[in-house]
1. Given (1) surrounded by fewer than 16 Cβ atoms within 10 Å (Cβ to Cβ); (2) on the phi > 0 side of the Ramachandran plot, identify the lone condition not met by K70.
2. Does any residue in region 170-189 that is free of Cβ contacts under 8 Å to residues at least 60 places away in the same chain come within less than 6 Å, Cβ to Cβ, of a residue that is surrounded by fewer than 21 Cβ atoms within 10 Å (Cβ to Cβ) and assigned to a strand (DSSP E or B) six or more places away or on a different chain, and which pairs are these?
3. Could you check region 1-54 and list, in sequence order, the residues that are over 21 Å from L254 (Cβ atoms), surrounded by 15 or more Cβ atoms within 10 Å (Cβ to Cβ), in contact with a Pro (Cβ under 8 Å, 6 or more places away or on another chain) and of a type in the set (V, I, T)?
4. Just name the residue that is surrounded by the most Cβ atoms within 10 Å (Cβ to Cβ) out of those in region 211-253 that are on the phi < 0 side of the Ramachandran plot and either charged (D, E, K, R) or at pLDDT below 95 (or both).
5. Looking at region 137-203, what strands (runs of 3 or more DSSP E) fall wholly within it and have at least 2 residues that are among the basic types (K, R) and out of contact with any Leu (no Cβ under 6 Å at 6 or more places or on another chain)?
6. Looking at this structure, is K64 of a type outside the set (G, A, S) and without any contact (Cβ under 8 Å) to a residue 24 or more places away in the chain?
7. Do you know which of the residues in region 28-53 that are of a type in the set (D, E, K, R) and in a strand (DSSP E or B) is farthest from D137 (Cα to Cα)?
8. Just the residues that are aliphatic (A, V, I, L, M) and surrounded by 23 or more Cβ atoms within 10 Å (Cβ to Cβ), please, taken from region 106-135.
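The values are calculated or read from the model by the stated rules, or taken from the named source; none is laboratory data. The structure displayed is predicted, hence computed values, not measured ones. Every residue, glycine as well, gets a Cβ built from its backbone with ideal geometry; the counts of neighbours run over all protein chains shown.
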Amino acid sequence: MRIIRFSPGPDTGLGTDPLFGLLEDDNTISVISGDPIYHGVTKTAATTELSKVRLLAPVIPRSKVVCIGKNYADHAAEMNSVVPDEPIIFIKPNTSVIGPNDTIVWPSMSGQVDHEAELAIVIGRICKDVPKERVNDVIFGYTIANDVTARDLQKRDGQWTRAKGFDTFCPLGPWIDTDFIPGTQAITATLNGEVKQDGKLSQMIFDVPTIVEFVSRVMTLLPGDVIITGTPAGIGPMPEKSTITIAIDGLGELTNKVSARG
């Protein structure tokens, strides 16, 4: 299933409040009652068309976004770092989350804003100390993320909270795919039509079961929490007013524009 969250258009007859829906085909949406992560996928009688709505971040960011650093060997190398012995984790605030086609706002205190293409795991239930063999029981589905980073501030601070925590620095979307299985799928970042990152999910140092097991040993995961799983080599700056598209084969594309520098 592909679960979307959307703002209804004026001609849908569905009001103005954000809704969840099940994408039945390339354009048909069946409206879902409530948040599917909490209440399951219960279709209503209402339908609309994808072309008539505005997609939002597919998960309501109530709690946290947990991030995995240096999870591709080629990315660790380009950062002049060694491959870690265990997952490196940090947090993005939930206020950093935006959806497809929303604008990444360039903060005035930064001179370089970078893209990082990532697979995102959406947690479906409260969990702690999840063993690898039970990880699929707690995953609701997968989506795409861009771990936007103020690279100059990351270097200046020596840690990552400010550089990765600005509002709009965690685009997610376009939907949650509950049937997606991570494997050898390609993951790319395309900036103004030019491919900048081109890797495979199978190149991750720590796979999804290892990541979820490790993170859940550190902190309780809640329904709707998101874990983004690291980026392949090729990270780089996004110029003012540029367009960035993160794509994962079989999962879709996430496109955002970058504002002028604040």
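1. (1)
2. T184/K200
3. Answer for region 1-54, where residues must be over 21 Å from L254 (Cβ atoms), surrounded by 15 or more Cβ atoms within 10 Å (Cβ to Cβ), in contact with a Pro (Cβ under 8 Å, 6 or more places away or on another chain) and of a type in the set (V, I, T): just T48.
4. D225
5. 194-200
6. no
7. Among those that are of a type in the set (D, E, K, R) and in a strand (DSSP E or B), it is E49.
8. Across region 106-135, the qualifying residues are V113, A117, L119, A120, I121, I123.
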